[in-house]
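The values are calculated or read from the model by the stated rules, or taken from the named source; none is laboratory data. Remember, it's a predicted structure, so these values are computed and weren't measured experimentally. Positions of Cβ are generated from backbone atoms using ideal geometry, with glycine treated the same way; all protein chains shown enter the neighbour counts. Only protein heavy atoms, including side chains, enter the accessible area calculation; ligands, DNA and RNA are left aside. Shrake-Rupley method; radii C 1.70, N 1.55, O 1.52, S 1.80 Å.
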Amino acid sequence: MRLRLLPALYALTLFVGAALLFLVQPLVGKLLLPLLGGSPGVWNTCMVFFQSVLLGGYLYAHRSTGQLGVRRQALVHLALLAIVVVAFKVAFAITGSPVPAITSLLPDDQDYPIIGLVAFLGVAVGVPFFVLSTTSPLLQRWFASTGHPAARDPYFLYAASNAGSLLGLLGYPLVIEPRLTLEEQKWVFAAGVGLYVGMVVICAITILKRKDDQQSLKEDRAREIAEAYLPGPASSQPINRTRIARWVFLAALPSSLLLGVTTHVSTDLAPVPLLWVVPLALYLTSFILVFARWPNEIHWLVGRVTPVLLLFAVLSLLLGAAEPFGVVAGLHIGAFFGVCLICHGELARDRPPPEHLTAFYFWLSLGGVTGGLFNALVAPIVFHRLGLVEYPLALILAATVRPREQGNGNYLALKLVDAGIVLALLTLTICMVLVVPLYVSIPVDSDNADAYLDRLLRGGLMFGIPAAAAFALVRRPVRYALSLAALFVAWTFDPGLLGETLHMERNFFGVVRVTRSPDGRFIRLIHGTTMHGQQRADEPGRPRPMTYYHEKGPVGSLFSSIPSDKIKRVGVVGLGTGAVAYYAKPGQQWTFFEIDPAVVRIANDPAYFRFLSTCQADSCTVVLGDARRQIARIPDGTFDVVILDGFCSDAIPVHLLTREAFGLYFQKLTPHGVLAVHISNVHLDLPPLVARLAADHEPSLVVRYWHNIASEDERSDGKTDSQWMVLARNETDLGKMAKNTSHWEKIKVVPGPVWRDDFANVLRVWKKREED
């Protein structure tokens, strides 16, 4: 092969390998979701598996090239590629699919089938994923020994690798998932791996055709002397522990910040489907930019702008700002992108010579894994009662990171005067937090313009003045970071706009809070920006259902339309506050299915909500775990009514809205049973989808739909707007609802795809702008 074509060959191979690496993970997620559901043990195990294999691939690339030399290592890697081909052939011969799903490895009697799940993942994608994970460091090291003039600094290929990752990230949800079934996706992945193997073989041939390593090394050194004027990696500094620790930190911080900003934007601001793609895309883009000859002038400019963006992001957290969404989200994502450019830019500028390339990427990978595991596994345990502390903590650490030229001799030195300045700022902010609410209050009706201005005044006085004082220290990174930390500490004294927080805890599913409304009339259960229910605090005794479950709404109509003597057993997917338990009658048996243990604890605590403790049914039990998996264990024909209430947040569990799931629900219903589906959603138009699922059922189901709009009086009583649908085998099974056409309407079946376990297109059910 001509020497001038080598960079294109290696860049294209890296591009394909990285794209496949980002394709296989959502493919496996789609494969596992209907089998194991969404329990935290499953997804934590998957994450640890992929991160461990990825780190193992980087370690293999580093050790094998260091101990065997490039040519012998290329031979070993060819043997590994042969194993991948054999694994695909064996899988196809046994299961008829290139990605085998051996469900017998997944025990049904375990909520956390760690051993079986690891075995399942290893058999399904373990070998190809390991080989793909070696692509970036290995091929760049190979290219460094090719003798090409650009081989002196092969790090530009890392930009091609991250471009492939970006394509895989965006291509799966936007192109592949909406158009291909799961089986077709498996074949696309297998074909891509086949193409990748062929390209790696060609790259290996370019290595094996060279002279022995010693002679190649002499040629490379001679070329380096001849081309010394070319810009290259920082080769003057030794690879010591301090330098390695800096690499790990600069890789871990953006990784942690990625998960933190994604959680905040997609949970606390607006749970918009696929919004998580944006921060991850920018994370990959930062690698592409800085490793593609990132100019120093732009790097320094980003170093000036990012501290300003960090301050605005911190202020939006302190003020609890969520609107306008585009501006607030843009501030957080912009600050995150700036931090990524600084950290990854510093890594690119501190890259070692090619002989240390694999070690460099190993430590970068270790940093990325460390940041991700800290947010996903460590933080939910350490900050169990404190909420999403890791995101503010990452913002504080990010304030200490600047381009080296913008630092000073005392960059990390903390003097007594620094402590004094921070202490003074902390005292000032706490005083403002405690004093300002005494003079500026927020009206209960916080939707009007006056209330909005009051919020701005209140927040500006409490945090605006101290934030301006903090910004005066922006030229001193450590002082600036500690000043931001002081603002966050003072923030803990502010009850916030949602009222007093009575209880807070977090786990795999996020932060759950119990709050008292500012006017003191309601106790609320809040997850992110979604209210999962509330109870009147000024009404003693048995509480009435509020929000989506009000007596004057669809749920009240459901239980008043069907005679209570025809309802013996009720199954409810999604517990919330347990408000629907209000409709239980003596002689009935109610079963709630809830996946979040924090929600179960809160709903069972009468100090917060009394719906379960005052339930009048003979039995009212809560089954913890993924609802679909738990319902499958219930005997057929058990329930007279099933309430599907897993979609009141805008991030819906897709596996509960598929053809197979609806078939399961009606399998567990009695012949005259009714399925009620709560479909309130800001961003997704779910009624047409549910109507198509009903028409697709064999035989087709009767459907009614009610979009309930609460009046002003009803809102003051705690009722909220909601959308519900009821489905049954016969119209007579709906009772009075079938004749109540003023509320329960027939819905026309709009042509479109039916979601299945192997196919779901979220983009097709996205609401149009005029409907929002």
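Are any of the residues in segment 133-146 part of a helix (DSSP H, G or I), open to solvent by 40 Å² or more (accessible area, probe 1.4 Å), among the β-branched types (Val, Ile, Thr) and touching a residue at least 12 places away in the same chain (Cβ under 8 Å)? No, there is no match, as no residue in segment 133-146 is part of a helix (DSSP H, G or I), open to solvent by 40 Å² or more (accessible area, probe 1.4 Å), among the β-branched types (Val, Ile, Thr) and touching a residue at least 12 places away in the same chain (Cβ under 8 Å). Residues in segment 33-62 that are modelled with pLDDT of 90 or more and surrounded by fewer than 16 Cβ atoms within 10 Å (Cβ to Cβ): Gly56 alone.
Checked against (1) touching a helix residue (DSSP H, G or I) at 6+ places or on another chain (Cβ under 6 Å); (2) open to solvent by 10 Å² or more (accessible area, probe 1.4 Å), Gly164 meets all criteria but (2). Residues that are within 19 Å of Asp640 (Cβ to Cβ) and either surrounded by fewer than 21 Cβ atoms within 10 Å (Cβ to Cβ) or not acidic (Asp, Glu) (or both) do not occur anywhere in segment 706-723.
Of everything in segment 649-700 that is open to solvent by 20 Å² or more (accessible area, probe 1.4 Å) and among the acidic types (Asp, Glu), the residue that is nearest to Gly553 (Cα to Cα) is Asp685.
Let me confirm something: among Glu297, Glu346, Glu323, Glu355, which residue is within 16 Å of Arg404 (Cβ to Cβ) and modelled with pLDDT under 90?
Just a single option satisfies the conditions, and that option is Glu297.
Residues in segment 569-587 that are surrounded by fewer than 23 Cβ atoms within 10 Å (Cβ to Cβ) and either touching a helix residue (DSSP H, G or I) at 6+ places or on another chain (Cβ under 7 Å) or polar (S, T, N, Q) (or both): Lys585 alone. Evaluate the following for Val90: is it open to solvent by 30 Å² or more (accessible area, probe 1.4 Å) and under 18 Å from Val125 (Cα atoms)? Against the criterion (open to solvent by 30 Å² or more (accessible area, probe 1.4 Å) and under 18 Å from Val125 (Cα atoms)), Val90 qualifies.
Here Val305 passes the criteria (1) touching a residue at least 60 places away in the same chain (Cβ under 8 Å); (2) part of a helix (DSSP H, G or I) except the one numbered (1).
Just to be sure I understand the filter: pairs with C-beta atoms under 6 Å, separated by 6 or more residues or on different chains, first member in segment 82-109 and within 18 Å of Val24 (Cβ to Cβ), second member at pLDDT 70 or above and assigned to a loop (DSSP other than H, G, I, E, B). Which pairs pass? Partner pairs satisfying both residue conditions: Phe88/Pro98; Ala91/Pro98; Ala91/Pro100; Phe92/Pro98. Taking the condition of a type in the set (Phe, Trp, Tyr), at pLDDT 90 or above and open to solvent by less than 10 Å² (accessible area, probe 1.4 Å), does Phe336 pass? It is true that Phe336 is of a type in the set (Phe, Trp, Tyr), at pLDDT 90 or above and open to solvent by less than 10 Å² (accessible area, probe 1.4 Å). When the residues of segment 719-772 are filtered to those that are in contact with a strand residue (DSSP E or B) (Cβ under 7 Å, 6 or more places away or on another chain) and acidic (Asp, Glu), the one that is farthest from Pro687 (Cα to Cα) is Asp733.
Residues of segment 724-753 being buried (at least 16 other Cβ atoms within 10 Å of the Cβ) and over 29 Å from Gly533 (Cβ atoms), which ones? The answer is Arg729, and nothing else. If the condition is being assigned to a helix (DSSP H, G or I) and under 32 Å from the mean Cα position of the chain (by Cα), then segment 688-712 contributes Pro688, Leu689, Val690, Ala691, Arg692, Leu693, Ala694, Asp696. Of all residues in segment 683-703, those that are within 22 Å of Val762 (Cα to Cα) have Cβ atoms under 7 Å from Cβ atoms of residues that are among the acidic types (Asp, Glu) and not in a loop (DSSP other than H, G, I, E, B), 6 or more apart or on another chain, in Asp685/Glu771. Would you mind stating whether Gly752 is in a loop (DSSP other than H, G, I, E, B) and in contact (Cβ under 8 Å) with a residue 60 or more places away in the chain? Yes: the conditions hold for Gly752. Here Arg715 meets the list (1) within 30 Å of Tyr172 (Cβ to Cβ); (2) not in a loop (DSSP other than H, G, I, E, B) almost entirely, failing just condition (1). Looking at this structure, is Leu317 modelled with pLDDT of 90 or more, in contact with a His (Cβ under 9 Å, 6 or more places away or on another chain) and either outside any loop (DSSP other than H, G, I, E, B) or among the aromatic types (Phe, Trp, Tyr) (or both)? No; evaluated as a whole, the condition is false for this residue. Against the conditions (1) open to solvent by 40 Å² or more (accessible area, probe 1.4 Å); (2) within 24 Å of Leu734 (Cβ to Cβ); (3) part of a loop (DSSP other than H, G, I, E, B), Asp605 satisfies every one except (2).
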